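Notes to accompany the following structure.
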Amino acid sequence: VNLEQLNLDSPWEGGGGNYLEGEIPTEIWNLINLTHLRLTGSYTDDGNNTSEELPPEIGNPVNMTHLGLSGNLPSGEIPPAIWTLTNLTILGISSDSITGIIPSEIGNLTHLIWLGLGGNQLSGNIPAEIGSLVNLQSLYLGDNQLTGEIPHEIFALTSLEIIDIAWNQLTGIIPDDI
């Protein structure tokens with residue numbers, strides 16, 4: 001299959017949309033030509049969203065530019081393979097049950113313009129390497145369990161228009177170089 005784009009998004013509220021059952025098929029990750037995958041809010045299992053972990057094969061479609069998995073409630077940590085998808089411009093894994101830390105490898109995703117990891121259970125510090133995301137325009141890390149100080153590297157991102165880091169456990173001061 002030569003599939004490049006797959007969009008099965010569902011609306012967050014209201015009627016209509018997709019209500020798919022079961023787990024996200026592992027065969028999706030073998031679609032090496034896939035550039036856009038959007039499954040936001042699509043998967044249900046008897047009315048409840050999936051709670052499976054994201055597989056390591058998520059990094060197989062190396063040309064992926066858009067990855068939206070929000071609202072499907074995957075659990076576990078973000079697989080390291082995500083940080084090898086260096087063509088990503090949009091990454092959304094929000095409103096799920098993701099745990100663990102945001103690793104320094106996030107700095108590999110230098111093409112990102114939109115990053116949404118809010119509404120999970122991420123912990124630890126926001127890594128300074130987030131300052132490598134020079135094209136980033138929107139950053140959503142709110143409603144997690146992030147701790148430590150806000151890295152001043154975030155405020156050096158000249159393309160950044162939106163920062164949402166509310167509802168965490170951050171400390172310190174807002175850097176002067178805002």
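Values computed for the structure shown
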| item | result |
| --- | --- |
| Amide H contacts under 5 Å for G92, placed H, 5+ residues apart | L67, G68, L69, G116 |
| Full-extension gain in nm, D164 to Q5, via 0.36 nm per residue minus C-alpha separation | 54.4 nm |
| Proportion of all alpha-carbon pairs of the stretch 64-135 beyond 13 Å (%) | 63 |
| Rounded Å value of the spacing that divides the Cα centres of the stretch 132-166 and the stretch 83-101 | 14 |
| The stretch 73-145 - percent of accessible surface contributed by carbon and sulfur, probe 1.4 Å | 50 |
| Under Karplus coefficients 6.51, -1.76 and 1.60, residue-wise ³J(HN,Hα) of the stretch 114-131 in Hz, glycine/proline x | 9, 10, x, 10, x, x, 10, 10, 5, 10, x, 7, 6, x, 4, 5, 4, x |
| The stretch 100-170: GluC sites (Glu not before Pro) falling in loop per DSSP and having at most 14 other Cβ within 10 Å | E161 |
| Heavy-atom SASA rank of W114, W83 (probe 1.4 Å, accessible area, largest first) | W114, W83 |
| Square roots of 5 times each gyration tensor eigenvalue, C-alpha, the stretch 105-178, largest first, Å | 18, 14, 11 |
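The values are calculated or read from the model by the stated rules, or taken from the named source; none is laboratory data. Since this is a predicted model, take the numbers as computed values, not measurements. Because the Cβ atoms are built from the backbone with ideal geometry, glycine has one as well, and the counts that use them run over all protein chains shown. Keep in mind that these areas ignore ligands, DNA and RNA; they rest on the heavy atoms of the full protein, side chains included. Shrake-Rupley method; radii C 1.70, N 1.55, O 1.52, S 1.80 Å.
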